[in-house]
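All remarks here apply to the structure that follows.
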Amino acid sequence: MIPPKRIEIGWFDLVRALAGGVLPRDRTRVARQVEASFPHDPAGSYTPPRSGRPSEQSDALAVLSVRSGFDLLLEALDLTEGSEVVVSAITISDMPRIIREHGLVPVPVDLDMNTLSVSVDALRSTITHRTRAILVAHVFGSRMDLGPVAAVAREHGLLLVEDCAQAYDGCYSGAPEADVSMFSFGPIKTQTALGGGVLRVRPTSLLDTMRRLQGEWPEQPAGEYLRRVAKYALVLLVLTRPVYGVLVRLTRGQHQRFLKSAVRGFPGKEFFARIRRQPSVPLLATMARRLKSPDLAALAERRRQGRMLLEDLPHAVVPGHEAPHHSYWVFPVTVPEPAEAVTQIRGLGLDPSRGTTSLTVVTPPDGRPPPRGAMATMRNVLFLPLGPGLTPALAASMTGAVRRLQGLPEAGP
């Protein structure tokens, strides 16, 4: 059974992460090594650093998670209570939660589901005199062109933030038009360090304020991160095909609840206390090592598999089929009966998913229109598995099942 999502880290990296917890390291230096992986570059192109020496020109800040960094950003901005933040209609559920915690109002803006880009017309109609910022999320591994959104942001004097948690591809380091670019290296993200994030903050005074405020936060205990590494070693074992197949049979289809719980970043009630911490030194060391050598071959293979599926499916059922850039972090399709699709595809030895990610549709405030395009897509979305073992024959069987559910003939040879 091929699982719906991989944890893209090897056993050797896990061992090194555990060993790093007992080695003495200078916290500031290791943090700067992480930040040097995103050197100041107005062209937005990323070149892995040739040495671990910190770059004095970096506009980056290493954080415990994107959630931590976004919370820190809002704290530094100190916006007037009741101010509005326009948010991509599809984003992770904790982002609106963080916005509300700061006394602000998240307002969703619908997407063009063919490109997964923010609709500029919808954006213009969403902005009011209370709007202070725009948060766009690149979803499913796609990456939108920020130029049109940035033009609207500049026209209205709004801060533009891009969430690149699902768009990182080992090369992308943020759009130069964005004021803030956020990257995640959590458990199911590309080039994972099993935690951690980086924010590129281009306004210097804002970066300085955020760095000062983060310095007042407590540090994540090293032992907590090392226990996390040990937990994901177990999860990695469970996700091997033979073990995963046994898990599916034993749990009678309830295995994805276990997976979702296992990969959740900040479980429990004390959410804000948990995110308002500095990353531990072992986490920083793992991030620095992982960012120094992105696995570009694995990323290229994931793109190849995504394109292989896309060729066999009618584009209308694939959100983001016209996205200008796509790394296929996940491969979404829309089907009329997602539960039936899961049953049929599992019968082929492949495990699609409806909910191994924390993506949701943002609820609009009273009196504002709902994002109907995003709602329709997420109501019927299914994520097809990619990864080792997905042969052309298996891929064809899976896309054939999707076509049958759509009432379409099989793809030709």
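One table, with the values for the structure above:
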quantity	calculated
Within the chain, percent of DSSP bridges classed antiparallel, to nearest 5	55 percent
Cα gyration tensor category, rounded, prolate or oblate, for the stretch 267-339 with a/c compared to 1.5	oblate
For q = 0.16, 0.18 Å⁻¹, Debye-computed log10 I/I(0) when each Cα of the stretch 11-215 counts as one equal scatterer	-1.06, -1.33
Residue among ALA17, ALA273, ALA288 with the largest mean-square fluctuation in a Gaussian network model of the chain, springs linking Cα atoms under 10 Å	ALA273
Cβ crowding within 10 Å averaged over residues, with 108-119, 125-136 ranked highest first	108-119, 125-136
Mean Cα-pair separation over length for the chain, i.e. relative contact order, pairs under 8 Å, 6 or more apart, %	25 percent
Under 15 Å, Cα to Cα: Lys pairs in the chain, sequence gap 8 or more or different chains	4
Ranked packing of 275-285, 322-332, 382-392, 148-158, most packed first, by mean Cβ within 10 Å	275-285, 322-332, 382-392, 148-158
Two-decimal Rg to Rh for the chain - Kirkwood Rh, Cα set	0.95
Mean projected area in nm² (Cα convex hull; one quarter of hull surface) for the stretch 296-405	7.9 nm²
Residue-averaged 222 nm ellipticity for the chain, from DSSP H runs of 4+ at -39500 (n - 2.57), nearest 500	-12500 deg cm²/dmol
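Read-outs throughout are calculated quantities, based only on the coordinates presented, and are distinct from any laboratory measurement. It should be emphasised that the depicted structure is a prediction, and the values quoted were computed from it without experimental measurement. Heads up, the Cβs are rebuilt from the backbone with ideal geometry, glycines too, and the neighbour counts pull from every protein chain shown.
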